[in-house]
Structures are given as C-alpha cells and as structure tokens.
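Since the structure comes first, as structure tokens, the remarks are kept for the end.
Nothing in this text is a laboratory measurement; each read-out follows from the coordinates by a stated rule. None of these values were measured; they are calculated from a predicted model. Every residue, glycine among them, receives a Cβ derived from its backbone with ideal geometry; neighbour counts consider all protein chains shown.
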Amino acid sequence: MSDDDRDRWDRRYRGMPPASPDDVCLPTVFRPFAHLFPTTGTAMDVACGRGTAAVWLARRGVTVRGYDISPVAIAEARALAQRCGCAGALFAVADLDGGLPPGDPVDVLLCANFRDRRLDEPMQHRVREGGLVAVSALSEVGAAPSRYRAAPGELQRAFGALDVVACGEADGRAWLLARR
Ligand SMILES: C[S@@+](CC[C@H](N)C(=O)[O-])C[C@H]1O[C@@H](n2cnc3c(N)ncnc32)[C@H](O)[C@@H]1O
C-alpha cells in the first residue's frame, strides 16, 4: 500500500511546478492563529509534502523536522529550505504506516491534509505539555462520505482530550488546533 502511495505522490509532485519561497505559508485554516505558533523550540511536520509549512515554521525560528513518504516531495522540501536559508528545517523520507519516526517531544505538531487514525495517539504524546497540535484533513462534512475523509466530529473526538483552541468542519475539510 505504501509503495503505491509513494509512487502516486511522487508522480503528483513531479507534475507540479516546484515550491517556491512565495509558497511558504501556514495552511489556510491555521493562518488566523499564526500568532499562537511559537518563534523558538521544535516542531514535527507529519506528511509535510514539499515543506511549505515546515519552512514557514523554520523561518519563524522553530527547528522543524518534516517527514513524508515521497522522496520527490522531500527533495523539494530540502531545496526550498535551502533557497530560504532555513538551516533549521530538516526533512526525511518516512513511511508513516510504520508509525511516527522516533524523537523527543516537540513544541508544535503539525499534520495538514493527511489523516491516519493510527497516528492520533502517538501525535498527541509527541507534543510536550503546553505545546500546540494543528491537524487538518478531508472531511465528510460538505462532501460525499469516503473512507479517506474524517467523519463528522471525528477530529474533536480523536483530539478532544487536548485543550481545543479552535476547530471547524465544512466544505469537505476538518481542522483542529489544540494545546496539550
Ligand atoms: C495532501 S498531501 C499534504 C502535504 C502537506 N502536509 C500539505 O498540507 O501541503 C498528503 C501527503 O501525505 C504523504 N503521504 C501519504 N501516505 C504517506 C505515508 N504512508 N507516509 C508518509 N507520508 C505519506 C504524501 O506523500 C503527501 O505529501
């Protein structure tokens, strides 16, 4: 399954223009809360894609590790970090089907536009107390049901033990920002 995922995502990323410094940003849903993201400390970006959010965090002063199954995306993320002069953004190919890569607790755990229910608990435990969890995924709310989409209320149930700062689900997307 992961081989298929890797090949599919590699093809998709090869077909897109490479990410440029102009693309560096927080995912749209978290932008109103940008001020809550720290300017020091550490972060993990789970399924980081081409690293646009990880480099945003690194530019802010956070040391970030981004992981993705696609070697094409990781190569682009590294190139983007270099172009932006962000030595604090490090990227590695990882198959998250095998769980989170090992590491110390972080101040920010970002997982944008990726959903693997098996990672819900490990992601929460990877954040230090007071740290921020930012997750978003496709949702069945405002879209046809699918096993790839979060069910209504799913993120709030999965991350409800945290102190939820804000959350939403509409137009086929669900997101949640919380503190541990
Ligand atoms: C919709 S993209 C989101 C990328 C990025 N987080 C963003 O918001 O732009 C989903 C990402 O999940 C990655 N992915 C899919 N299956 C994976 C797996 N088993 N392990 C690690 N990454 C995976 C893909 O390569 C892709 O980059």
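Computed values, structure above
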quantity: Filtered residues of the stretch 16-38 (kept if closer than 17 Å to A75 by Cβ, in a helix (DSSP H, G or I) and more than 10 Å from the ligand (Cβ to nearest atom)); calculated: P21
quantity: Residues being surrounded by fewer than 24 Cβ atoms within 10 Å (Cβ to Cβ), of a type in the set (A, V, I, L, M, F, W, C) and closer than 21 Å to F30 by Cβ - total across the stretch 63-79; calculated: 0
quantity: Scan of the stretch 39-53 for residues that are in a loop (DSSP other than H, G, I, E, B) and either surrounded by 13 or more Cβ atoms within 10 Å (Cβ to Cβ) or in contact with a Ser or Thr (Cβ under 8 Å, 6 or more places away or on another chain) (or both), ordered by number; calculated: G41, A47, C48, G49, R50, G51
quantity: Failed item in (1) under 28 Å from E169 (Cα atoms); (2) assigned to a helix (DSSP H, G or I), with Y67 passing the rest; calculated: (2)
quantity: Selection status of F159, aromatic (F, W, Y) and within 22 Å of D5 (Cβ to Cβ); calculated: no
quantity: Selection status of R60, within 13 Å of the ligand (Cβ to nearest atom), without any contact (Cβ under 8 Å) to a residue 60 or more places away in the chain and charged (D, E, K, R); calculated: no
quantity: When residues of the stretch 92-124 are limited to those that are of a type in the set (A, V, I, L, M) and over 16 Å from A134 (Cβ atoms), the one nearest to the ligand (Cβ to nearest atom); calculated: L96
quantity: Out of G51, G41, sole residue that is more than 10 Å from the ligand (Cβ to nearest atom) and at positive phi; calculated: G41
quantity: In the stretch 32-50, residue nearest to L177 (Cα to Cα) [restricted to those that are of a type in the set (A, V, I, L, M) and touching a strand residue (DSSP E or B) at 6+ places or on another chain (Cβ under 8 Å)]; calculated: L36
quantity: Failed condition for I69, given (1) more than 18 Å from V127 (Cα to Cα); (2) more than 9 Å from the ligand (Cβ to nearest atom); calculated: (2)
quantity: Top-ranked residue in the stretch 17-38 [being over 18 Å from C111 (Cα atoms) and in contact (Cβ under 8 Å) with a residue 12 or more places away in the chain; ranked as surrounded by the most Cβ atoms within 10 Å (Cβ to Cβ)]; calculated: A19
quantity: Within the stretch 72-90, considering residues that are touching a residue at least 60 places away in the same chain (Cβ under 8 Å) and of a type in the set (G, A, S), the one farthest from the ligand (Cβ to nearest atom); calculated: A79
quantity: Residue match in the stretch 136-156 (condition: of a type in the set (K, R), over 27 Å from D4 (Cβ atoms) and without any contact (Cβ under 8 Å) to a residue 24 or more places away in the chain); calculated: no
quantity: Filter pass, D104 being surrounded by fewer than 14 Cβ atoms within 10 Å (Cβ to Cβ) and touching a residue at least 40 places away in the same chain (Cβ under 8 Å); calculated: yes
quantity: Count of residues meeting criterion [within 11 Å of the ligand (Cβ to nearest atom) and in contact with a helix residue (DSSP H, G or I) (Cβ under 9 Å, 6 or more places away or on another chain)] in the stretch 1-15; calculated: 9
